[in-house]
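Written below as structure tokens is the structure these notes are about.
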Amino acid sequence: MSKRTWALFAATLVSIIYGVTFTIAKDVMPKYVEPFGFITMRVGGSVLLFWLVSFFGPREKIALEDFPRIAAAALFGVALNMLTFFKGLSYTSPIMGAVLMVTTPMIVLILSAIIMKERMQKRKIFGIILGLAGTITLILYGKSMVNAPNATLGNLLVFINAISYGFYLILVKKLMDKYNAFTFVKWIYTFGFFMVLPFGWSEFHAINWSTIPTDIFWKIGFVVVFSTFLTYLLNLISMRELKPTTVAVFIYLQPLFATIFAVGLGKDELSLVKLLSAVLIFTGVYLVTQKK
């Protein structure tokens, strides 16, 4: 298998894992573990795994002036990103959560234009407007009766999570150019852990471990090991060979896998509003990512 094929395989695997995560995480929250308590477990478990793996990686020292960037990456890529996503997912349905995540590449494009002063073509601007129209439709009218106690608030929180992740991708780009990923990822998660701890400690402390069934323990383990630790490593493998824009395109597969998985298990249902919103978002995304 060539390096490029392996990178494409890694990126596809990440999309499948994330697509499955939407439904698996819903089984755990909020019945057995509250959202912020779950994040404390997720980030804490990943910190341990990343530090363990880092001992086998290259020995590099991080320059002091890069720590503020690492702290900012931890805020947008771990703390704000995960807190809004999990809280949002506990209010909305798996399909809507996944479709909203697709706006991330469009947000990255807007932020790149503002922060990095990149020129934007008319086609891309039109694509962004279409995608945002789909997103707003989903937030306002995509109320699902299945597994969604407060869809409007939930959808808004997932959208904030997508913006936060967009900031993170721009911040982490400079770190990727300067250091080996293993050098800084453990620090991003360490900072992130201390940022989520004040929000999640009471919910983590309130977990009644004796009432949690074995299958839920497996699902918690899946989210820590596969959805957090492994996906991050697979993303790094794919980013070494592929352009960030190519890797970002794989985000668009997540709603597809999430929908197949959620509908297949009867955890969610398709509606005309969801389909129309998805078409608008995917068309917008297609226009944004197409080369001339």
Expected vector for segment 24-35, Karplus 3J(HN,Hα) from phi with 6.51, -1.76, 1.60 and θ = phi - 60°, integer Hz, x for Gly and Pro, equals 4, 5, 5, 5, 8, 9, x, 4, 9, 9, 5, x
Taking only C-alpha pairs under 8 Å that are 6+ residues apart, what is the relative contact order of the chain in percent? 43 percent
Inter-label distance, nm, simple model (7 Å from Cα along the C-beta direction), residue 63/residue 133: 4.6 nm
Partners for residue 87 among aspartates and glutamates (Cα-Cα distance below 15 Å; same-chain residues under 8 apart left out): 27, 34, 203
Diffing segment 3-8: the Karplus 3J(HN,Hα) column from phi (6.51, -1.76, 1.60, θ = phi - 60°), in whole Hz with x for Gly and Pro, holds 4, 5, 4, 5, 5, 5
Roughly what would the spin-label model give for residue 197 and residue 153, points 7 Å off Cα along C-beta, in nm? 2.8 nm
Give me the one-decimal nm value for the distance between modelled label points at residue 27 and residue 126, 7 Å along each residue's Cα-to-Cβ direction. 4.4 nm
Under the Karplus relation with 6.51, -1.76 and 1.60 and θ = phi - 60°, whole-Hz ³J(HN,Hα) for segment 209-225, x at Gly and Pro, equal 4, 5, 8, 7, x, 4, 5, 6, 4, 5, 5, 5, x, 4, 5, 5, 7
Is it possible to state the helix-based mean residue ellipticity at 222 nm for the chain, with each DSSP H run of 4+ residues giving -39500 (n - 2.57), the sum divided by total residues, to the nearest 500 deg cm²/dmol? What is it? -24000 deg cm²/dmol
Which of 75, 100, 265 moves most in a GNM of the chain, Cα contacts under 10 Å? 265
Restraint check, 3/124; 61/173; 219/267; 124/178; 3/174, Cα-Cα greater than 27 Å: 3/124; 124/178
Can you tell which of 15, 202, 227 shows the greatest fluctuation in a Gaussian network model of the chain with Cα springs below 10 Å? 202
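Values quoted throughout were computed directly from the atomic coordinates according to the rules given, and no laboratory measurement underlies them. Worth saying up front: this structure is predicted, and the values here are computed from it rather than measured. In this analysis, Cβ positions are derived from the backbone assuming ideal geometry, glycine residues included, and neighbour counts consider all displayed protein chains.
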